[in-house]
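Asker: This is the structure I want to talk about, given as structure tokens.
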Amino acid sequence: MTTVSSSTRSRGNRRAEILDAAARLFAARGFHGVSIEDIGGAVGVSGPALYRHFNGKDALLSEMLLDVSSRLRESAGAVVTSASGPDETLDALLHVQITFAIEQPALITVHDRELGNVPEPQRRQIRRLQRLYVEEWVTVLAELHPECPAARLRAATHAAFGLLNSTPHSAGELPAQEMRPLLHAMARAAINAAVKDH
């Protein structure tokens, strides 16, 4: 049995803490408006101490967006392989995206505004993961609506993401227990409207 040392675990926790603080700061002030010292101050360490975890601000932003893109892709893959049918799979995919949208509005803002600041090799990786994530949705929607062209299903998926990822603009307006069913119903309605008559 493999064990994880407490130092490895605490290092991982500290990296996650730094990424979370950086996401909130980047969302509030923009990538160029935040210094390494600002991020260090937010987690209670000196700016230079962050270089034990990340090579710099670019590397931190890259890992932040790669991590969330990878987690969404993995979650979608797990859903698709475990759900019992396409309708249940779509509901489970919506749950994944809605949970992300409600719990990580800062990451949505950072992605929308700052992807261009990620170095090109990592940006290509992020885009690839995102395309794979979208295709998981399109595959499920194609099972539900086999008569609908894939391009239309892809457009519907992106439109649904736009709706669900609007949470940075409405954060705090409704409690999560009300926001979840609202987003779910609206996304389902948007997808149904997109595939209607096809």
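Asker: In the chain, carbon and sulfur make up what percent of the accessible area (probe 1.4 Å)? Let's see the in-between values first.
Answerer: Working: 5540 of 10460 Å².
On the chain, the fraction of accessible area on carbon and sulfur atoms equals 53 percent.
Asker: Roughly how tilted is helix 86-103, in degrees to the nearest 10 and between 0 and 90, from the longest Cα axis of the chain?
Answerer: Rounded to the nearest ten degrees, it is 30.
Asker: Whole number in Å², please: accessible area per residue of the stretch 32-82, 1.4 Å probe, ligands, DNA and RNA not counted. Intermediate results must be reported in sequence, preceding the final value.
Answerer: Numbers: 2410 Å² over 51 residues.
I get 47 Å² per residue for this part.
Asker: Here is a further query. Give me Rg/Rg_expected for the stretch 17-127, where Rg uses Cα atoms only and Rg_expected = 2.2 N^0.38 Å with N residues.
Answerer: Details: Rg = 15.9 Å, N = 111, 2.2 N^0.38 = 13.2 Å.
Computed over Cα atoms of the stretch 17-127, the ratio equals 1.21.
Asker: Starting from the alpha-carbon convex hull of the chain, give the projected area averaged over all orientations, in nm². The partial results should precede the final answer.
Answerer: Values: hull surface 53.4 nm².
If I average the Cα hull's projected area over directions, I get 13.4 nm².
Asker: Helix 120-144 versus the longest principal axis of the chain: what is the Cα-based angle in degrees, 0 to 90, to the nearest 10?
Answerer: Relative to the chain, helix 120-144 is tipped by roughly 30 degrees.
Asker: Further question: Can you pull the accessible area of Lys196 for me, 1.4 Å probe, Å² to the nearest 10?
Answerer: Accessible area of Lys196: about 130 Å².
Asker: Moving on. Roughly what angle does helix 176-195 make with the longest principal axis of the chain, taking Cα atoms, 0 to 90 degrees, to the nearest 10?
Answerer: Result, in degrees: 50.
Asker: Enumerate the calculated ³J(HN,Hα) couplings along the stretch 64-74 in order (Karplus 6.51 cos²θ - 1.76 cosθ + 1.60, θ = phi - 60°), each rounded to whole Hz, writing x wherever the residue is Gly or Pro.
Answerer: Computed from phi, the couplings for the stretch 64-74 are 4, 7, 5, 4, 5, 5, 5, 5, 5, 4, 5 Hz.
Asker: To the nearest 20 debye, what is the magnitude of the charge dipole of the chain about its Cα centre, counting +1 on the Cβ of each Lys and Arg and -1 on the Cβ of each Asp and Glu?
Answerer: On the way: 21 positive and 22 negative charges, 121 e Å.
The dipole magnitude comes to about 580 debye.
The values are calculated or read from the model by the stated rules, or taken from the named source; none is laboratory data. None of these values were measured; they are calculated from a predicted model. Cβ atoms come from the backbone with ideal geometry, glycine included; neighbour counts cover every protein chain shown. Surface accessibility is based on the protein's heavy atoms, side chains included, excluding ligands, DNA and RNA. Shrake-Rupley method; radii C 1.70, N 1.55, O 1.52, S 1.80 Å.
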